[in-house]
Amino acid sequence: SAAAEVYKSQPILLATLLGSCNKDDNGNDQKKEDKVPGTLKEYFEGKTEKLTETFSVDNTKEQTITLESGTTVRFKPGTFLVDGQPVAGKVNVSVLEVRPDKLSSSIFSRTNTNLIDGKILETYGYMNITATTQAGKEVDKNLGHNMRIAVATEAEDNTEALLWTVDEDEIGNGGPNDPAGEGGANQFEWNWFREEGMIWDDEGEKPIQEWNRVVANAGSFTFDFGKLGWVNVDVIWNPNNENTTIKVTLGGMIGEWANYMGWGGNTYVFFIAEGSPVVVQIYTQVQGESNSVQSYYNQMPVGVKGQWLAFSVVDGKYYMATTESTTTADQIIAMDLEETTMAILDQTIKGIDGYGTPEE
């Protein structure tokens, strides 16, 4: 194989970020008494809450909700069930949406565009839909009727994509993604969407969905989804038909690699591709190297420019490393985690918005 090429960590932050360490998300001065999240889990919980849009839906009527992005979700009467019976009255519906031009939401929601079989996805947008009764009781995950989801897109009409979901039933229940496992294992990964059959448009004139295949039309990818949880409109990312395995080594690492949704461990590594809506989480620990992880075997495209971001939250202290490189065969990325502030980490993650947007 080609000789390994090592990229040392390089600062890619703008100088203006250095002055933001005492600012909150709105640019206001932080008060000294403001509590700084002390763990990675606490840090992400606050970010996820801010990303979530919440609606009141009357389960006795047909109703459509519209997200800030323009994505819509339509519900039929009797969609939401508790113990198999329709909820009488209103339901609180929460939606967290990740958009291709706002990939910071992917990291802040503790997700990625990794596919469970080792490939990598590029996204047209994905979301997590949850619901509770007015009394706060979770409704059944399987719905009484399919939701009709129209993910807003700038893709040209007739652009084809595929649907993916996350099998969270196995998470925390002793399945392969059980977060009780060791740090770095048991990660968020997309899986095949397995709805069978053909779905037609409202007029019954043409199919909008066949199994997990969807087609863009009039500014959206429209499809039916019959359960609560994560759903994703994506295609396989393989820009150059030449792949490799890349290793990332972190100096100054304290603690363990984070596992599913940051429930355990404290350290993440991501690759964000330039010009492609891709957020790859790198988490497979290299045998015998406690501070090294590698990409899925022979799945990282060669010749792609992108940003590498590593960060950690330990006992109320924040650490970060960044660099930018073009991927090469058998590449080794060497970065050193250095102490930073929560505000600078926030701004660095937000700085990836637009980075993955394809050029016109």
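The values are calculated or read from the model by the stated rules, or taken from the named source; none is laboratory data. This structure is a prediction, so every number in the text was calculated from the model and none was measured. Backbone-built Cβ (ideal geometry, glycine too); neighbour counts: all protein chains shown. Ligands, DNA and RNA are excluded from the accessible area calculation, which covers all protein heavy atoms including side chains. Shrake-Rupley method; radii C 1.70, N 1.55, O 1.52, S 1.80 Å.
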Please go through (1) assigned to a strand (DSSP E or B); (2) within 30 Å of residue 233 (Cβ to Cβ); (3) touching a residue at least 40 places away in the same chain (Cβ under 8 Å); (4) not basic (Lys, Arg) for residue 298 and return the number of the only condition it doesn't satisfy. (1)
Looking at (1) open to solvent by 70 Å² or more (accessible area, probe 1.4 Å); (2) modelled with pLDDT of 90 or more; (3) part of a helix (DSSP H, G or I), which is the only condition residue 68 fails? (3)
For residue 150, the lone unmet condition from (1) open to solvent by 30 Å² or more (accessible area, probe 1.4 Å); (2) part of a strand (DSSP E or B); (3) of a type in the set (Gly, Ala, Ser) is (1)
Just to be sure, is residue 327 under 20 Å from the mean Cα position of the chain (by Cα) and open to solvent by less than 20 Å² (accessible area, probe 1.4 Å)? no
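Table: residues versus (1) open to solvent by 10 Å² or more (accessible area, probe 1.4 Å); (2) out of contact with any strand residue (DSSP E or B) (no Cβ under 6 Å at 6 or more places or on another chain); (3) at negative phi; (4) charged (D, E, K, R).
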{"residue": "320", "(1), (2), (3), (4)": "yes, no, yes, no"}
{"residue": "344", "(1), (2), (3), (4)": "yes, yes, yes, no"}
{"residue": "349", "(1), (2), (3), (4)": "no, yes, yes, no"}
{"residue": "352", "(1), (2), (3), (4)": "no, no, yes, no"}
{"residue": "358", "(1), (2), (3), (4)": "yes, yes, yes, no"}
Kindly check whether there is at least one residue in region 84-105 that is open to solvent by less than 20 Å² (accessible area, probe 1.4 Å), modelled with pLDDT under 95 and not aromatic (Phe, Trp, Tyr). no
Condition met for residue 135 (in a loop (DSSP other than H, G, I, E, B) and either under 22 Å from residue 217 (Cβ atoms) or at pLDDT below 95 (or both)): yes
From the list 282, 333, 254, pick out the single residue that is touching a residue at least 12 places away in the same chain (Cβ under 8 Å), on the phi < 0 side of the Ramachandran plot, more than 21 Å from the chain's Cα centre (by Cα) and surrounded by 17 or more Cβ atoms within 10 Å (Cβ to Cβ). 333
Does any residue in region 55-82 that is over 30 Å from residue 101 (Cα atoms) come within less than 6 Å, Cβ to Cβ, of a residue that is open to solvent by less than 50 Å² (accessible area, probe 1.4 Å) and part of a strand (DSSP E or B) six or more places away or on a different chain, and which pairs are these? 59/91; 78/144; 79/143; 79/144; 80/91; 80/131; 81/144
Given the condition aliphatic (A, V, I, L, M), in contact with a helix residue (DSSP H, G or I) (Cβ under 8 Å, 6 or more places away or on another chain) and either part of a strand (DSSP E or B) or open to solvent by 50 Å² or more (accessible area, probe 1.4 Å) (or both), answer yes or no: does some residue in region 258-267 qualify? no
Only one residue in 307, 347 is outside any loop (DSSP other than H, G, I, E, B), within 26 Å of residue 50 (Cβ to Cβ) and out of contact with any Phe, Trp or Tyr (no Cβ under 9 Å at 6 or more places or on another chain), so which one is that? 347
